[in-house]
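Here's the structure, in structure tokens; my notes come after.
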Amino acid sequence: MNTVNNTIRISLIKSRVNQGLLNARKTTKNRVTTRDLKETLSFSTPMRKCFKMKIFSTAPEGNELAQYVGVDYIKFSISTIESVTDWMKKNDNMAQPLLANIDLLLMISHKYTTDANLLLEKRKIQEWKQVFNDWFARCESKIPAKYREGIKENGDELFKELEQYGH
């Protein structure tokens, strides 16, 4: 079902691009590229309201307006994680919100896999992972011993799972 929804989503975007409703560069073979789809998915919800919307399934995201909600949440999660990692680079507090934000991004990414793969960048994921590891190295001694190993293991596990997404 998820694959069908993703195929429908990409088909709708391609047809809008081909009809000239959305701007996108085309390759020499006249195909829409992944980058074009990523840019198309980056439209905000209010901009999407100008199009005539269609319903194509009974799923919660089964109409042309609702299908992009996952994109908005993924983009929000990415911007939140960027802010958190900027803060973590400069802080030595033993508490951090990064892993909770990564966990929520993973929940959204499981549901909206295609959108996550288009919006997440593997180099950014590696950067976030490095920020976490640097923070842990700085703050490890401040974290109570009974939680220390578990926090590191949770971080490693969450990043391993997140690394499955992106391009």
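Which of the residues belonging to segment 145-167 are of a type in the set (A, V, I, L, M, F, W, C) and either outside any helix (DSSP H, G or I) or open to solvent by less than 50 Å² (accessible area, probe 1.4 Å) (or both)? Matches in segment 145-167: 151, 158, 159, 162. I'm checking my understanding of the structure. Among residues of segment 94-103 that are at pLDDT 95 or above and open to solvent by less than 60 Å² (accessible area, probe 1.4 Å), which one is nearest to residue 118 (Cα to Cα)? Among those that are at pLDDT 95 or above and open to solvent by less than 60 Å² (accessible area, probe 1.4 Å), it is 102.
Just one residue in the set 142, 122 is open to solvent by 40 Å² or more (accessible area, probe 1.4 Å), out of contact with any Lys or Arg (no Cβ under 6 Å at 6 or more places or on another chain) and within 30 Å of residue 69 (Cβ to Cβ); that residue is 122. Residues considered: 82, 64. Of these, the only one that is in contact with a Lys or Arg (Cβ under 6 Å, 6 or more places away or on another chain) and at pLDDT 85 or above is 64.
Is it true that residue 91 is open to solvent by less than 40 Å² (accessible area, probe 1.4 Å), farther than 30 Å from residue 61 by Cβ and not aromatic (Phe, Trp, Tyr)? For residue 91, the condition - open to solvent by less than 40 Å² (accessible area, probe 1.4 Å), farther than 30 Å from residue 61 by Cβ and not aromatic (Phe, Trp, Tyr) - is met. Using the structure shown, decide if residue 74 is at pLDDT 90 or above and more than 21 Å from residue 156 (Cβ to Cβ). The answer is yes for residue 74. Sub-8 Å Cβ pairs linking a first residue in segment 122-137 that is under 11 Å from residue 81 (Cβ atoms) to a second residue that is open to solvent by 60 Å² or more (accessible area, probe 1.4 Å) and part of a helix (DSSP H, G or I), at least 6 apart or interchain, are 131/89, ordered by first then second residue. Here residue 26 does not qualify as under 29 Å from residue 125 (Cα atoms), among the basic types (Lys, Arg) and at pLDDT 90 or above.
The values are calculated or read from the model by the stated rules, or taken from the named source; none is laboratory data. The model shown is predicted, which means the values in this text are computed figures rather than measured ones. Every residue, glycine as well, gets a Cβ built from its backbone with ideal geometry; the counts of neighbours run over all protein chains shown. Please note that ligands, DNA and RNA were not included when accessible areas were found on the heavy atoms of the full protein model with its side chains. Shrake-Rupley method; radii C 1.70, N 1.55, O 1.52, S 1.80 Å.
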